[in-house]
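Here is the structure we will look at.
The values are calculated or read from the model by the stated rules, or taken from the named source; none is laboratory data. Keep in mind the model is a prediction, meaning the values are calculated, not measured. As a convention, Cβ positions derive from the backbone with ideal geometry for all residues, glycine included, and neighbour counts pool all protein chains shown.
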Amino acid sequence: MNIIFMGPPGAGKGTQAERIVDEFKVPHISTGDAFRLAMKQGTPLGVEAKKYVDQGLLVPDEITIGIVRERLSQPDCDTGFLLDGFPRTISQAEALDQIASELNKKIDHVINLSVDRNLLLARLTGRRICKSCGATYHILFNPPAQELVCDKCSGELYQRSDDTEEKVGTRLDEYINKTAPLLEYYRNQGILREVNGEQEINTVTAQISSLLRGLA
């Protein structure tokens, strides 16, 4: 089963992806993870991507698409995958369709998590992340047992510099302008599945699982 997760920043894609890949036994692939793997393996595209990453620049589309192609070609994707953070534009979606065709695969489901803008602002500005293990918490919805201390590894928690209200608002606007048109693209293909991401986490997981199993 080949799945794409969509939704604005703070919609809960990462949380739900962890649960779904565990249930369906497919790899969770984010562009960031794919970049890191390609750079670690020293592939030609990984070397090119590193030049941009090291300078803090956006990696060009052609390199990003090539790295996604490399990642989806690996054996652990033979039985399926879950893409998170790609595609972000119509041109990337069209490239992904071409990649899937070349690999004799197809996208089965696009899960879109919809969440009200004000709730997204509250979620993102309250987020805290562990410096050591990367675990995510929230000062309101999922606080650590001890303030600013990770429950898992006792590492220090911090707020990302782009989690301020002003910067979060900018990210949401960018998502709406650039990524939201993809919803129509996949709706026209008949594979878009809408899920209310404002519900309790376990409820969202159950709905996604049911959709993927064809029970809803």
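Only a single criterion out of (1) over 30 Å from Arg187 (Cβ atoms); (2) assigned to a helix (DSSP H, G or I) is not satisfied by Glu62, namely (1).
Taking every residue in segment 46-74 that is at pLDDT below 90 and pairing it with any residue that is small (Gly, Ala, Ser), at least 6 positions away or on another chain, the pairs with Cβ-Cβ distances below 9 Å are Val59/Ala49.
Just for segment 103-144: of the residues that are in a helix (DSSP H, G or I) and free of Cβ contacts under 8 Å to residues at least 24 places away in the same chain, which one is surrounded by the fewest Cβ atoms within 10 Å (Cβ to Cβ)? The extreme case among them is Asn118. Cβ-Cβ distances below 9 Å connect the following pairs, each with a first residue in segment 152-179 that is in a helix (DSSP H, G or I), a second residue that is loosely packed, with under 13 Cβ neighbours inside 10 Å and hydroxyl-bearing (Ser, Thr, Tyr), and a separation of six or more residues or different chains: Asp162/Thr170; Lys167/Ser161. For Ser30, the stated conditions hold: it is within 30 Å of Gly126 (Cβ to Cβ) and either over 17 Å from the mean Cα position of the chain (by Cα) or polar (S, T, N, Q) (or both).
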